[in-house]
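Participant: Have a look at the structure that comes next, please.
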Amino acid sequence: MSNSQNLRLILASTSQYRRGLLERLRIPFEVISPKVDETPRTGESTLDLALRLAHAKAAAVSKQHPDAWVIGSDQVADLCGAAIGKPGNFERALAQLQLMRGATVTFHTALCLMKGDLQTTLSIPTKVTFRKLSDEVLESYLLAEEPYDCAGSAKSEGLGISLLEAIQSDDPTALIGLPLIALTGLLRDAGFAIPSKTNTK
């Protein structure tokens, strides 16, 4: 097994949420934007979209940095087979929450760890059931937290938890954007020591 101090790790994402999650593991890493077209393909399922984009992000950065292990990740929210993306503004966020009111949404969080020809791609599903809440409550939430950069328009790690009735997942960090339980296993297999004597107090 390699010495993790000699291993290079890159997060192929500019997401503040994924960066914050990866920092929990206390291992050095770089952040590089993958610059990948995230347009869905005709007839592509939400799961296939998440897996393809996670792989594409890792591959885009790995091509330029073949000496490094690269993490690619993507999340697609699925409501009855339709993708629910990042709203971008108040109006679209409110429309999303109204659509999901009382419904169960599946969040597919895909993960790819790649170094050259070595690669593993997987997805962790999270089922989220939203409460049946009034428009007034939904509007108050959006104005308070402004989750316009989050697929599904609610931050489960913040005030958005008040909109939810139930969460079902094997990995609580998957919903936030990066499944750390699965990632930790992959990184250990790649030779990273987690935790190590240098990253614990």
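Each reported figure results from applying straightforward, stated rules to the coordinates on display, with no laboratory input. Predicted model only: the values in this text are computed from it and were never measured. Quick reminder, even Gly has a Cβ in these numbers, built from the backbone with ideal geometry, and neighbours come from all protein chains shown.
Participant: Given the structure, is residue 32 aliphatic (A, V, I, L, M) and surrounded by fewer than 21 Cβ atoms within 10 Å (Cβ to Cβ)?
Facilitator: yes
Participant: Name the one entry in 35, 86, 63 that is among the charged types (D, E, K, R) and more than 26 Å from residue 106 (Cα to Cα).
Facilitator: Just one listed residue meets the conditions, 63.
Participant: Only one of these is assigned to a helix (DSSP H, G or I) and either within 16 Å of residue 17 (Cα to Cα) or touching a residue at least 60 places away in the same chain (Cβ under 8 Å) (or both): 138, 186. Name it. Quick ask: steps written out before the conclusion?
Facilitator: On the way: 138 fails: either within 16 Å of residue 17 (Cα to Cα) or touching a residue at least 60 places away in the same chain (Cβ under 8 Å) (or both).
The conditions single out 186.
Participant: Within the stretch 9-24, track down each residue that is out of contact with any strand residue (DSSP E or B) (no Cβ under 7 Å at 6 or more places or on another chain) and either among the acidic types (Asp, Glu) or surrounded by fewer than 17 Cβ atoms within 10 Å (Cβ to Cβ) (or both). Break it down into steps so the answer makes sense when it comes.
Facilitator: Taking the stretch 9-24 as the starting set, the residues that turn out to be out of contact with any strand residue (DSSP E or B) (no Cβ under 7 Å at 6 or more places or on another chain) are 15-17, 20-21, 23-24.
Within the stretch 9-24, 16, 20, 23, 24 meet the criteria.
Participant: Also, I was wondering about something else. Got at least one residue in the stretch 97-107 being in contact with a strand residue (DSSP E or B) (Cβ under 9 Å, 6 or more places away or on another chain), under 29 Å from residue 29 (Cβ atoms), crowded, with 19+ Cβ neighbours inside 10 Å and not hydroxyl-bearing (Ser, Thr, Tyr)?
Facilitator: Yes, the stretch 97-107 has at least one match.
Participant: Another question, then. Exactly one of these conditions fails for residue 176: (1) in contact with a strand residue (DSSP E or B) (Cβ under 8 Å, 6 or more places away or on another chain); (2) outside any helix (DSSP H, G or I). Give me its number.
Facilitator: (1)
Participant: Within the stretch 140-167, how many residues are of a type outside the set (A, V, I, L, M, F, W, C) and under 16 Å from the mean Cα position of the chain (by Cα)? Before the answer, list the steps.
Facilitator: Residues of the stretch 140-167 of a type outside the set (A, V, I, L, M, F, W, C): 140-141, 145-149, 152-153, 155-158, 160, 162, 165.
Within this subset, residues satisfying the condition of being under 16 Å from the mean Cα position of the chain (by Cα) are 147-149, 152-153, 155-158.
Residues in the stretch 140-167 being of a type outside the set (A, V, I, L, M, F, W, C) and under 16 Å from the mean Cα position of the chain (by Cα): 9 in total.
Participant: If residue 145 satisfies all but one of (1) of a type outside the set (A, V, I, L, M, F, W, C); (2) under 17 Å from residue 17 (Cβ atoms); (3) exposed (fewer than 14 other Cβ atoms within 10 Å of the Cβ), what's the number of the condition it fails?
Facilitator: With (1) of a type outside the set (A, V, I, L, M, F, W, C); (2) under 17 Å from residue 17 (Cβ atoms); (3) exposed (fewer than 14 other Cβ atoms within 10 Å of the Cβ) applied to residue 145, the lone miss is (3).
Participant: If you don't mind, there's one more thing I want to ask. Can you run down the residue pairs with Cβ atoms below 8 Å, 6 or more apart or on separate chains, where the first is in the stretch 26-47 and farther than 17 Å from residue 76 by Cα and in contact (Cβ under 8 Å) with a residue 40 or more places away in the chain and the partner is among the polar types (S, T, N, Q) and not in a loop (DSSP other than H, G, I, E, B)?
Facilitator: Short answer, once both residue conditions are applied: 27/4.
Participant: Of all residues in the stretch 40-68, which are among the hydroxyl-bearing types (Ser, Thr, Tyr) and under 18 Å from residue 14 (Cβ atoms)?
Facilitator: Filtering the stretch 40-68 down to residues among the hydroxyl-bearing types (Ser, Thr, Tyr) leaves 42, 45-46, 62.
62 - this is the single residue of the stretch 40-68 that is among the hydroxyl-bearing types (Ser, Thr, Tyr) and under 18 Å from residue 14 (Cβ atoms).
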